[in-house]
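Values quoted throughout were computed directly from the atomic coordinates according to the rules given, and no laboratory measurement underlies them. Quick caveat, the model's predicted, so the values are computed rather than measured. Backbone-built Cβ (ideal geometry, glycine too); neighbour counts: all protein chains shown.
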Amino acid sequence: MTDLTRPAPAGVDVEIYRSVADLEAAVGRELGPTEWLTMEQSRMNGFADTTEDHQWIHVDPERAARGPFGATVAHGFLTLSLIPYFVNALRRIEGVRMGVNYGLDKVRFPAPVRAGDRIRARTTMIRLDQIGDDAVQLVTRTTVEVEGSDKPACVADLVSRYYFAP
């Protein structure tokens, strides 16, 4: 059996689910927020290198200071890619032999994340469907907040599949 997460940071309560029944009982309940994470320019540069997306709004602080956001901003997909990190800080699903990312139902980026901003997340399991004798499909809505902003940086419905040990 597999534990699909890392330990949560100090001060964050982690929900532990050991069965399909535990997951069913948690649908609709919000978890979080996580601890704050600072969006460093070095993380943004590394993501630009990995994805070959070196648009100036992400990697050129001088030019970006004169641009529409007043600073460099994180790629939307960088913010999105941090969702598993945030979700794993809030919950642990035990007793599974495998878990996979199956896709996304909806993703929006309502507000930018500027270099130096602090972000955190809240998450809610919004749907759970049985897809086999030992598997479920779970849709988790995660909202990534930017400290001091009225709008979230990202709202995404992540679809995951979990295969429980027989």
Within the chain, percent of DSSP bridges classed antiparallel, to nearest 5
90
Could I have the simple spin-label model distance between A165 and D150, label points 7 Å from Cα toward Cβ, reported in nm to one decimal?
5.0
Debye, to nearest 20: dipole size of segment 72-124, +1 on Lys, Arg Cβ, -1 on Asp, Glu Cβ:
140
Which of the peptides 160-166, 117-123, 14-20 is most tightly packed, and how do the rest follow, judged by the mean count of other Cβ atoms within 10 Å per residue?
117-123, 160-166, 14-20
By average C-beta atoms within 10 angstrom, highest first, the peptides 64-76, 137-149
137-149, 64-76
Figure the gain on full extension for R97 and E30 (residue separation times 0.36 nm, minus the Cα-Cα span) and round it to one decimal in nm.
21.6 nm
Remind me, relative contact order of the chain in percent, using alpha carbon pairs under 8 angstrom and six or more residues apart?
29
Positive-end residue of S160, V139, M98, charge dipole of the chain with Cβ unit charges
V139
Find which of A74, T51, I16 sits farthest along the positive direction of the dipole of the chain, computed with +1 on the beta-carbon of Lys and Arg, -1 on that of Asp and Glu, about the Cα centre.
A74
What nm value, rounded to one decimal, do you get for the distance between Q130 and R63 when each label is placed 7 Å out toward the C-beta?
5.6
Listed candidates (i) 26; (ii) 34; (iii) 39 - label of the one calculated as percent of Cα pairs over 24 Å apart:
(iii)
Between beta-carbons, use under 11 Å as the cut-off and find the net charge around D129, counting Lys and Arg +1, Asp and Glu -1.
+1
Extending each Cα 7 Å along its Cβ direction at D105 and S19, get the distance between those two points in nm, one decimal.
2.5
